[in-house]
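What follows is a set of notes on a single structure, which appears directly below.
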Number of protein chains: 2
Amino acid sequence: MPGEARAPVDAGRYTSRVMSYNAWFQCINGCTGQYSLREVIYRCPSCGDLLEVQHDVEALRSRSAAAWMQLFDERYRRNAYPYGSGVWGKKEWVVPFIDNENIVSTYEGSSNLLWADRYGKQLHVEDLWVKQCGNSHTGSFKDLGMTVLVSVVKQMIADGTPIDAVACASSGDTSAALAAYCAAAGIPAVVLLPRNKVSIAQLVQPLANGALVLSLDTDFDGCMAIVQEITKERRIYLANSMNSLRIEGQKTAAIEIVQQFDWEVPDWVVIPGGNLGNVHALGQGFAMMQELGLIQRLPRICLAQAERANPLYRAYQDHWRFEPITAQPTLAMSIQIGNPVSVKRAIRTLQRMNGVVEQASEQELADEAARADRTGMFNCPHTGVALAALRKLVERKVIRSHERVVVISTAHGLKFADQKAAYHMGGLEGVQRPAYKNAPVELPPDAGQVARAIARHVERAQLMVP
Amino acid sequence: MPGEARAPVDAGRYTSRVMSYNAWFQCINGCTGQYSLREVIYRCPSCGDLLEVQHDVEALRSRSAAAWMQLFDERYRRNAYPYGSGVWGKKEWVVPFIDNENIVSTYEGSSNLLWADRYGKQLHVEDLWVKQCGNSHTGSFKDLGMTVLVSVVKQMIADGTPIDAVACASSGDTSAALAAYCAAAGIPAVVLLPRNKVSIAQLVQPLANGALVLSLDTDFDGCMAIVQEITKERRIYLANSMNSLRIEGQKTAAIEIVQQFDWEVPDWVVIPGGNLGNVHALGQGFAMMQELGLIQRLPRICLAQAERANPLYRAYQDHWRFEPITAQPTLAMSIQIGNPVSVKRAIRTLQRMNGVVEQASEQELADEAARADRTGMFNCPHTGVALAALRKLVERKVIRSHERVVVISTAHGLKFADQKAAYHMGGLEGVQRPAYKNAPVELPPDAGQVARAIARHVERAQLMVP
């Protein structure tokens, strides 16, 4: 498996006691029954709702909060495989039972918690940070969850479970992460996509990583129906987000944020949401830290939705009464979801964490991403949704200027180069007047004219400080 | 400035003695004269050749090798700004004099040293590692050098030097990194490009980061001539690679590789080369470690060139007699250079490190990148050149199967999504029969047909192990 340097380090001190921890699937609605994480099961056999991973918290309490923090800090970004990974450095809290040789890791996590100095000054929130989860092997936060899912599959295969392939219906980051981790593990990956409805950029990662990419003459819901049908045959393992293993990896982002602040809790976390698994994961990470005494309070959460795909925003406006909608196409394409898989878990998380839901129009999300880019970032449109929501909450004084705020950036802007180019060069759908447009200036090859253009640019920049 | 968490940490233990170290520019040909790194100077006033940064090695010797390693390990990826950056964790070896508040950092470096397990098995070099330098803020290794250059400029401005903007002629990674770091610092950036000769993907990063992008009616050499002309006016600072500050950041990749192996030196480092600054930087990093006693031996280096831009390969075949050539267009577009700026320094590095030069055709570089992608990577075409060179050296038994090899991956494949898509979907120039092509399979939305397609894929995969 891939990973950081595996130089000869005595890993004994890291692994002791791991075997005494335990975790299992159970129903999110409290139906009785516990299921092994090694079992091929995605839904509660009683009620049909989702399962979630439950940890033996009492066993985890055998180590003190201070000892956990010390252990996590000792492992953080170090060379002992796989503990240098931001996910596997918290292995006991994630999936304790996996043999290290079955872990498929690309050194996920530990992504930059970027201090948004200039952007924060413009917004009058100077303690503003952007967690760059897209700065990763496949370019999105999905790596955090996929390393867990594919590692569990590798363990299952090693244990003799007959699994032929791992499959998902996805037109974006999930398929890219699935294909890469499966390629590293040597496990066949299958991606189902609606024909003629995905871009070259969405296709290229799973193709390059050798996945079987099936282009079906249907829409996305049709692909989902078929992947659920074929994964009833248990030799094809399902990687879509009704599989809750990925949550266990994604929740480490919450732990890592607190760790990067030397175990201080921020006041707010702003996160974009579509299927809503990620906000639930964030909540799980904070809840687990609180339960085990690493933190004493929870941050508030702002869940940010695109106005064109805003069922949770509507529910929030209506005392959390949720109704599915038909989501409209949005530039924030990964969150164009009208009936989120994880809506129940997300509402519980938001209620527990005094959360709010905000929304952003196409114009707002594109402009806000571009405004942040002008201060040195290069974020995906989903991060643009989060940043636009943040601005609204600051303007309404829900978020106050002295508070410490972390925005989750979910993917690298390089995945959206065409969209960003359209914003700056003209012609981006849904955006009439791009407020932060920056087009190339055409000039003859004349040093004098170049110098004068630079002088004008410098003059304008001096007017725009900070 | 951006950076990782700046939680309240007592940084005193990190900063003591920093002020006693010193570094300066001097001529690479040994002309007399030392110039401050804060001076606006790019070439030797006597002979006109390049300058390089020289460190006061005697002062650095006041700390033992063991103490340096301990210091670097203590800082590595931690929260005390800016020392968690892979570059600034080695600040005394890079640019000792900068005030920390003038450092412009995006937590560069500490990129994954990926164990290429499956790919290495296929190649029969099982101790094979790929340093993923493209897993960074702007997606290429250029961040390592640009954080240094822009930080020095910020320091110069703080010290009262009148600098209005930083400029470069570049159609690729350099302009992206320059624009991002300048945007973070609030310093105007200027990028000169040949009109109609760059792709949207090459334009989008500097545009988004608010650089003044001047599209000139000339070719790349014409842009270079103009940027050199306008930077004679010392208020416009030159960021192209004749500026040797960037080398000081790039050399930390060498130190980091050794650090990631718990201070063991690999047997080989394979690196792609065009302008040849990066191989020189790598050599500088290793030389400095050896000089200060952190390592006792040097690795061998393989410099890999595209066959269509191979002046150093030709020189290597001819007892290092170098002649500039006219480079032909290549998929590895960043190294399409016929007259490399750093050729003298690179030849010295290769001679000192028992280096070899190898080349790769268009077909070879594209196929080899695709072959590696099949095992979970997603590398740029320049990395494809390096991997193809590696394969040739292994086949010729210059590199032996028991040796530890590190390949430098210079940029993230997401910067080359169109090229990769063309490889897999057909129509990539210079590549007749893509050996690792993987196109989507079109099917009706029928679970039975999907299941049969998966069964065939699984069967083929089982034949291809590892």
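The values are calculated or read from the model by the stated rules, or taken from the named source; none is laboratory data. Source: prediction; values computed, not measured. We place every Cβ from the backbone using ideal geometry, glycine too, and count neighbours over all the protein chains shown. Remember, those area values only see protein heavy atoms, side chains included, never the ligands or the DNA or RNA. Shrake-Rupley method; radii C 1.70, N 1.55, O 1.52, S 1.80 Å.
All conditions but one from (1) in a loop (DSSP other than H, G, I, E, B); (2) touching a strand residue (DSSP E or B) at 6+ places or on another chain (Cβ under 8 Å); (3) over 17 Å from B:Phe141 (Cα atoms) apply to B:Leu298; the one that does not is (2). Looking across segment B:270-295, the residues that are of a type outside the set (A, V, I, L, M), out of contact with any Lys or Arg (no Cβ under 8 Å at 6 or more places or on another chain), buried (at least 20 other Cβ atoms within 10 Å of the Cβ) and not in a loop (DSSP other than H, G, I, E, B) come down to B:Pro272, B:Asn278, B:Phe286. Scanning segment A:162-196 for residues that are within 10 Å of another protein chain (Cβ to nearest Cβ) and assigned to a helix (DSSP H, G or I) gives A:Ala176, A:Ala179, A:Ala180, A:Tyr181, A:Cys182, A:Ala183, A:Ala184, A:Ala185. Confirm whether A:Ala386 is within 12 Å of chain B (Cβ to nearest Cβ) and part of a helix (DSSP H, G or I). Against the criterion (within 12 Å of chain B (Cβ to nearest Cβ) and part of a helix (DSSP H, G or I)), A:Ala386 does not qualify.
You will find that of A:Tyr76, A:Tyr42, the residue that is touching a residue at least 12 places away in the same chain (Cβ under 8 Å) and within 14 Å of chain B (Cβ to nearest Cβ) is A:Tyr76 and no other. Residues in segment B:434-448 that are more than 7 Å from chain A (Cβ to nearest Cβ) and either touching a strand residue (DSSP E or B) at 6+ places or on another chain (Cβ under 7 Å) or touching a residue at least 60 places away in the same chain (Cβ under 8 Å) (or both): B:Pro434, B:Ala435, B:Tyr436, B:Lys437.
Residue count for segment B:79-106, restricted to those that are among the aromatic types (Phe, Trp, Tyr), open to solvent by 10 Å² or more (accessible area, probe 1.4 Å) and either in contact with a His (Cβ under 8 Å, 6 or more places away or on another chain) or more than 10 Å from chain A (Cβ to nearest Cβ) (or both): 1. Here is the figure for segment B:218-230: residues that are open to solvent by 10 Å² or more (accessible area, probe 1.4 Å) and either more than 9 Å from chain A (Cβ to nearest Cβ) or not β-branched (Val, Ile, Thr) (or both) total 8. With the structure loaded, tell me whether A:Ala239 is in contact (Cβ under 8 Å) with a residue 24 or more places away in the chain, buried (at least 24 other Cβ atoms within 10 Å of the Cβ) and more than 12 Å from every other protein chain (Cβ to nearest Cβ) or whether it fails that test. Considered against the rule, which asks whether it is in contact (Cβ under 8 Å) with a residue 24 or more places away in the chain, buried (at least 24 other Cβ atoms within 10 Å of the Cβ) and more than 12 Å from every other protein chain (Cβ to nearest Cβ), A:Ala239 comes out as yes. When we screen B:Lys397, B:Lys344 for residues that are basic (Lys, Arg) and in a loop (DSSP other than H, G, I, E, B), the only hit is B:Lys397. You will find that of B:Ala451, B:Ala455, the residue that is at the interface with chain A (Cβ under 7 Å from one of its Cβ atoms), without any contact (Cβ under 8 Å) to a residue 60 or more places away in the chain and open to solvent by 30 Å² or more (accessible area, probe 1.4 Å) is B:Ala451 and no other.
As a summary of the residue check, A:Phe286 satisfies the conditions (1) in contact with a helix residue (DSSP H, G or I) (Cβ under 6 Å, 6 or more places away or on another chain); (2) at positive phi except for the one numbered (2).
Taking residues in segment A:350-368 that are free of Cβ contacts under 8 Å to residues at least 24 places away in the same chain, and partners anywhere that are small (Gly, Ala, Ser), the pairs with Cβ atoms closer than 9 Å and at least 6 places apart or on different chains are A:Glu368/A:Ala360; A:Glu368/A:Gly384; A:Glu368/A:Ala386; A:Glu368/A:Ala388; A:Glu368/A:Ala389. Restrict the check to segment A:337-344 and report whether at least one residue is open to solvent by 30 Å² or more (accessible area, probe 1.4 Å) and within 14 Å of chain B (Cβ to nearest Cβ). Scanning segment A:337-344, I find no residue that is open to solvent by 30 Å² or more (accessible area, probe 1.4 Å) and within 14 Å of chain B (Cβ to nearest Cβ), so the answer is no. Please go through segment A:370-380 and give me each residue that is open to solvent by 10 Å² or more (accessible area, probe 1.4 Å) and at the interface with chain B (Cβ under 9 Å from one of its Cβ atoms), ordered by number. Within segment A:370-380, A:Arg374, A:Thr375, A:Phe378 meet the criteria. Selection over segment A:172-217 of residues that are small (Gly, Ala, Ser), at positive phi and surrounded by fewer than 24 Cβ atoms within 10 Å (Cβ to Cβ) gives a count of 1. Filtered by the rule that a residue be within 16 Å of A:Met333 (Cα to Cα) and small (Gly, Ala, Ser), segment A:406-433 gives A:Ser409, A:Ala411, A:Gly413, A:Ala417, A:Ala422, A:Gly430. Looking across segment B:405-439, just one residue is under 25 Å from B:Asp117 (Cβ atoms), of a type in the set (A, V, I, L, M) and open to solvent by 40 Å² or more (accessible area, probe 1.4 Å), and that is B:Ala435.
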